[in-house]
1. What size of dipole, in debye to the nearest 20, comes out for the stretch 77-159 about its Cα centre when the only charges are +1 on Lys and Arg C-beta atoms and -1 on Asp and Glu C-beta atoms?
2. Find out how many positive minus negative residues lie around Pro115, taking Lys and Arg as positive, Asp and Glu as negative, among other residues whose Cβ is under 13 Å from that of Pro115.
3. Say the dipole of the stretch 46-166 comes from +1 at the beta carbon of Lys and Arg and -1 at that of Asp and Glu; which of Val148, Val121, Leu57 then lies farthest toward its positive end?
4. Can you work out the accessible area per residue across the stretch 63-106, with the rest of the protein chains kept in place, probe 1.4 Å, in square angstrom?
5. Between beta-carbons, use under 14 Å as the cut-off and find the net charge around Ala50, counting Lys and Arg +1, Asp and Glu -1.
6. Give the cross-link partners of Lys171 among the lysines, using a straight C-alpha distance below 29 Å as the criterion and excluding same-chain residues fewer than 8 apart.
7. So, in Å, what gap is there between the alpha-carbon centers of the stretch 37-53 and the stretch 59-134?
8. Could you work out how far apart the two model spin labels at Ser117 and Asn41 are, taking each label as a point 7 Å from the Cα in the direction of the beta carbon, and quote it in nm?
Amino acid sequence: MNAKAPVLCGVMSVALVAFLLGTAFRGSPAATAGAPAKVWNMNDRVTKTAEEWRKLLTTEQFNVTRRKGTERAFTGAHWNNHAPGTYRCVCCELDLFRSEDKFDSGTGWPSFTQPVSAENVATKPDRSLFATRTEVLCPRCDAHLGHVFEDGPAPTGLRYCMNSAALKFVKQSEEKK
Ligand SMILES: [Zn+2]
């Protein structure tokens with residue numbers, strides 16, 4: 001009996017640790033300080049046909065993200081949103097921007113100084129509208145999001161000028177769900 005006690009104790013400790021870990025990973029509603037952004041990796045792609053996207057999105061979301069449209073200034077859901085949280089791609093839910101990096105640009109479009117991580121946005125030259133601008137896209141599903149300009153505030157000097165219709169806002173308290 002005495003010889004078996006330490007072994008039994010050890011087994012019980014392992015079981016207890018496993019139980020506690022299991023509880024932790026099943027998600028107590030802990031994190032309120034903002035969940036870390038999911039950094040995109042290039043093997044995780046979302047591809048759908050135009051018809052499939054059309055069924056999933058509203059007309060405005062479709063026109064902006066899949067047809068490179070631009071919503072009218074001061075009409076979108078997010079230009080004047082000051083709540084803490086994360087802005088995701090409306091098409092594929094990739095984390096794109098955080099409220100901490102949002103600023104009042106006065107343009108009527110939601111504007112950010114930087115994305116959640118460099119990997120989470122793609123850019124390419126856009127030569128439409130008689131000027132060369134830099135288009136910003138979702139790297140996961142190729143959604144058109146907006147443009148980035150070099151007239152933004154510190155710390156980056158960049159202004160990511162986004163369409164509300166391309167973004168889904170997730171409040172900080174909802175981020176883990
Ligand atoms: Zn996307």
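The values are calculated or read from the model by the stated rules, or taken from the named source; none is laboratory data. Predicted model, so just to flag it, every value in this text is computed and none were measured. Glycine also receives a Cβ, built like all others from the backbone with ideal geometry; neighbour counts cover every protein chain displayed. For accessibility, only protein heavy atoms count, side chains too; no ligands or nucleic acids. Shrake-Rupley method; radii C 1.70, N 1.55, O 1.52, S 1.80 Å.
1. Dipole magnitude for the stretch 77-159 comes out near 120 debye.
2. +2
3. Leu57
4. For the stretch 63-106, the per-residue accessible area is 48 Å².
5. Surrounding charge for Ala50 is +3.
6. Within the straight-line cut-off, Lys171 pairs with Lys38, Lys48, Lys55, Lys68, Lys102.
7. Spelled out, the Cα-based centre of one part sits 17 Å from the other.
8. Each label point lies 7 Å from its Cα, and together they span 1.0 nm.
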